[in-house]
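> Let me begin by handing over the structure; questions about it come next.
The values are calculated or read from the model by the stated rules, or taken from the named source; none is laboratory data. Keep in mind it's a predicted model, so treat the numbers as computed, not measured. Cβ sites come from the backbone with ideal geometry, for glycine too, and all protein chains shown count toward neighbours. These area figures cover heavy atoms from the full protein model, side chains too; ligands, DNA and RNA do not enter into them. Shrake-Rupley method; radii C 1.70, N 1.55, O 1.52, S 1.80 Å.
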Amino acid sequence: DKETGKSITSYNVLVQKVSSKTLDSKGRLEIDMCAGGEAILFTNGVAVKGTWSREDLDSRTIFKDESGEEFRLTPGNSWVEVVDQNCNLTY
């Protein structure tokens, strides 16, 4: 945290891969937050692969594992990281 200098911690980190494109020379992005795509949940030292979907911008995002079940989050705070689908994620 820039204000306190303390590390930010989270029990769950959700990585949501989205489709995006650069709109102009200033680097502004158009991000499709409803198309659905790949997702990864990091919790308790485990990475769980899955998908995300969202009906429209007024709906909540649904994260599911590869068997179609909603991700089971560890009780506590969660961090959602939105990254471009072409981002190479290593862990």
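> Of (1) more than 13 Å from the chain's Cα centre (by Cα); (2) open to solvent by less than 60 Å² (accessible area, probe 1.4 Å), Leu14 satisfies all except one. Which?
Condition not satisfied by Leu14: (1).
> Then there's this: Do the conditions hold for Ile62, that is, is it surrounded by 11 or more Cβ atoms within 10 Å (Cβ to Cβ) and hydrophobic (A, V, I, L, M, F, W, C)?
Taking the combined requirement at face value, the residue satisfies it.
> Related question: From (1) under 15 Å from Gln85 (Cβ atoms); (2) of a type in the set (D, E, K, R); (3) surrounded by 11 or more Cβ atoms within 10 Å (Cβ to Cβ); (4) free of Cβ contacts under 8 Å to residues at least 40 places away in the same chain, pick out the condition that doesn't hold for Glu38.
(4)
> Another question, if that's okay. Go through (1) open to solvent by 90 Å² or more (accessible area, probe 1.4 Å); (2) touching a Ser or Thr at 6+ places or on another chain (Cβ under 6 Å); (3) farther than 23 Å from Asp1 by Cβ and name the single condition Trp79 misses.
It fails just one condition, (3).
> So which pairs qualify, if the first residue must be in the stretch 1-19 and closer than 17 Å to Gly76 by Cβ and in contact (Cβ under 8 Å) with a residue 40 or more places away in the chain, the second must be among the hydroxyl-bearing types (Ser, Thr, Tyr) and assigned to a loop (DSSP other than H, G, I, E, B), the Cβ gap must be under 8 Å, and the two must be at least 6 apart or on different chains?
Tyr11/Thr74; Asn12/Thr74
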